[in-house]
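**Student:** My questions all concern the structure below.
The values are calculated or read from the model by the stated rules, or taken from the named source; none is laboratory data. Remember, it's a predicted structure, so these values are computed and weren't measured experimentally. Cβ coordinates were reconstructed from backbone atoms using ideal geometry, including for glycine residues, and neighbour counts include every protein chain displayed. Ligands, DNA and RNA are excluded from the accessible area calculation, which covers all protein heavy atoms including side chains. Shrake-Rupley method; radii C 1.70, N 1.55, O 1.52, S 1.80 Å.
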Amino acid sequence: MKKRKLGMALSLVLAAGAILGACGTSGDQEEGSSNGGNEKDKFTVAMVTDVGGVDDKSFNQSAWEGLQAFGEENGLEKGTDGFDYLQSQSDADYATNLNKLARQDFDLVYGIGFLMEGAIKEIAGQQKESKFAIVDAVVEQPNVASIMFKEQEASFLAGVAAANATKTNKIGFIGGMEIPVIDRFETGFLAGVASVNPDLKVDVQYAGAFDKAEVGQAIASKMYSSGVDVIFHAAGGTGNGLFTEARNLKEKDPSRVLWAIGVDSDQTAEGIVKVDGEEKNIVLTSALKRVDNAVKDLSTKAKEGNFPGGETILYGLKEEGVGLAPLNDEIENKDEIMKKVEEWKEKIINGDITVPATKDELKSFKAN
């Protein structure tokens with residue numbers, strides 16, 4: 001009898017424990033599910049810079065500004081639960097940084113620049129459940145979206161501006177490295193200049209790097225010394241040397257008329273120089289490559305469940321992926337130049353002309 005009562009009591013205790021355990025488990029699961037749901041609502045995104053760094057005043061910086069804009073629009077903060085970046089000191093860091101962000105469970109990871117093509121291929125192949133995007137290269141994998149631009153359209157407009165601004169009929173172009181993306185910048189620029197005056201001379205030189213400002217300055221110095229009065233750079237951080245040289249020359253000789261044209265983002269701030277206590281600016285305009293718009297646009301697509309894995313997205317003037325920054329107010333024929341720029345812009349958007357993207361296409365290009 002005692003054994004039976006003891007057995008019943010034990011059964012009741014076990015049953016009560018089971019019920020309490022079930023209640024606790026249910027509560028824990030609901031709380032965990034709720035938290036998990038909140039985390040999933042936060043679409044996290046991050047990027048890896050190339051060696052130019054996030055503050056290169058150009059390509060990488062524009063991409064970071066795009067991520068920041070996406071974060072602000074979606075109530076995110078910088079960090080692993082929102083948006084973030086890792087800076088690469090050398091190309092050896094690319095794969096490591098991409099892998100680190102993927103392991104931190106970011107929903108989308110960007111590799112900024114063609115230099116990361118190999119690293120994206122490697123890490124995307126290993127981290128098949130993660131989503132990646134690369135700017136300025138094409139990686140044909142189902143979990144990678146490739147972002148490309150019609151840089152030639154922006155640089156064409158820069159060429160039109162340069163050809164109408166020059167007084168010496170000598171123009172310069174400084175490229176970073178001889179790669180397809182910079183070739184598109186150069187080709188479009190040459191076509192733009194030729195569309196205004198096919199007899200204008202354009203001195204084209206390459207620095208062989210995107211992070212050598214001193215090399216950019218040395219090239220700019222030789223060009224300006226030879227009579228060139230307008231120089232366009234597509235050289236990332238190397239192009240900062242162009243601005244340094246132009247500012248120095250303007251400071252030494254305030255009466256000298258010379259211009260620099262920026263790239264990727266509006267680089268007007270790089271042209272400010274004090275002349276006799278008055279603020280002047282040597283930046284004529286900038287060929288905009290709206291990496292910020294593209295990064296923000298693709299992040300939004302991915303967040304909404306429309307990640308274009310395995311596809312290449314092409315951004316041009318029509319898609320507002322490239323453009324030309326406002327002209328410097330100090331240029332004497334600003335209104336005339338702007339009018340011509342707008343005319344060519346409309347022709348490109350309407351499909352009346354196709355801006356050449358390669359040297360072979362340039363040979364057969366006819367502007368009119």
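**Student:** If you scan the stretch 105-118, which residues turn out to be surrounded by 24 or more Cβ atoms within 10 Å (Cβ to Cβ) and assigned to a helix (DSSP H, G or I)?
**Tutor:** The one that is surrounded by 24 or more Cβ atoms within 10 Å (Cβ to Cβ) and assigned to a helix (DSSP H, G or I): Met116.
**Student:** While we're on this one: Please specify each residue of the stretch 140-176 satisfying the condition of being open to solvent by 10 Å² or more (accessible area, probe 1.4 Å), over 19 Å from Glu336 (Cα atoms) and charged (D, E, K, R).
**Tutor:** Of everything in the stretch 140-176, those that are open to solvent by 10 Å² or more (accessible area, probe 1.4 Å), over 19 Å from Glu336 (Cα atoms) and charged (D, E, K, R) turn out to be Glu140, Lys150, Glu153, Lys170.
**Student:** Also, I was wondering about something else. Every residue in the stretch 264-279 that is among the hydroxyl-bearing types (Ser, Thr, Tyr) and modelled with pLDDT of 95 or more, please.
**Tutor:** Thr268
**Student:** Output the number of the condition that Asn350 fails; it satisfies all remaining conditions of (1) loosely packed, with under 13 Cβ neighbours inside 10 Å; (2) touching a helix residue (DSSP H, G or I) at 6+ places or on another chain (Cβ under 9 Å).
**Tutor:** (2)
**Student:** Ok, one more. Does Ala220 satisfy the condition of being touching a Phe, Trp or Tyr at 6+ places or on another chain (Cβ under 6 Å), part of a helix (DSSP H, G or I) and open to solvent by less than 10 Å² (accessible area, probe 1.4 Å)?
**Tutor:** Judged against the criteria, Ala220 is not a match.
**Student:** Could you figure out which of (1) surrounded by fewer than 17 Cβ atoms within 10 Å (Cβ to Cβ); (2) in contact (Cβ under 8 Å) with a residue 40 or more places away in the chain isn't true of Lys252?
**Tutor:** (2)
**Student:** I would also like to ask the following. Of all residues in the stretch 53-86, which are assigned to a loop (DSSP other than H, G, I, E, B), open to solvent by 70 Å² or more (accessible area, probe 1.4 Å) and closer than 21 Å to Asp211 by Cα?
**Tutor:** Passing the criteria: Asp55, Lys57.
**Student:** Which residues, taken from the stretch 305-330, are open to solvent by less than 40 Å² (accessible area, probe 1.4 Å) and within 18 Å of the chain's Cα centre (by Cα)?
**Tutor:** Those that are open to solvent by less than 40 Å² (accessible area, probe 1.4 Å) and within 18 Å of the chain's Cα centre (by Cα): Ile313, Tyr315, Gly316, Leu317, Gly321, Val322, Gly323, Leu324, Ala325.
**Student:** Could you figure out which of (1) open to solvent by 10 Å² or more (accessible area, probe 1.4 Å); (2) more than 16 Å from Val322 (Cβ to Cβ) isn't true of Asp229?
**Tutor:** (1)
**Student:** Identify all residues within the stretch 48-79 that are touching a Gly at 6+ places or on another chain (Cβ under 8 Å) and aromatic (Phe, Trp, Tyr); write none if there are none.
**Tutor:** The one that is touching a Gly at 6+ places or on another chain (Cβ under 8 Å) and aromatic (Phe, Trp, Tyr): Phe59.
**Student:** Considering only the stretch 119-136, state which residues are open to solvent by less than 10 Å² (accessible area, probe 1.4 Å) and either within 19 Å of Gly188 (Cβ to Cβ) or not aliphatic (A, V, I, L, M) (or both).
**Tutor:** Passing the criteria: Phe132, Val135.
**Student:** So Ile282 clears everything in (1) at pLDDT 95 or above; (2) surrounded by fewer than 21 Cβ atoms within 10 Å (Cβ to Cβ) except one condition, right? Which one?
**Tutor:** It is condition (2) that Ile282 fails.
**Student:** Considering each residue of the stretch 255-276, count those that are outside any strand (DSSP E or B) and open to solvent by 10 Å² or more (accessible area, probe 1.4 Å), and give that number.
**Tutor:** Residues flagged as outside any strand (DSSP E or B) and open to solvent by 10 Å² or more (accessible area, probe 1.4 Å) within the stretch 255-276 amount to 9.
**Student:** For the stretch 331-341, check the following and say yes or no: at least one residue is at negative phi, in a helix (DSSP H, G or I) and within 24 Å of the chain's Cα centre (by Cα).
**Tutor:** yes
**Student:** Follow-up question, since we're still on this one. Only one of these is closer than 23 Å to Phe149 by Cα, open to solvent by 10 Å² or more (accessible area, probe 1.4 Å) and among the aliphatic types (A, V, I, L, M): Leu298, Leu288. Name it.
**Tutor:** Leu288
**Student:** While we're on this one: Just give me the residues in the stretch 27-48 being outside any strand (DSSP E or B), modelled with pLDDT of 95 or more and either β-branched (Val, Ile, Thr) or surrounded by fewer than 10 Cβ atoms within 10 Å (Cβ to Cβ) (or both), in sequence order.
**Tutor:** Result: Thr44, single match.
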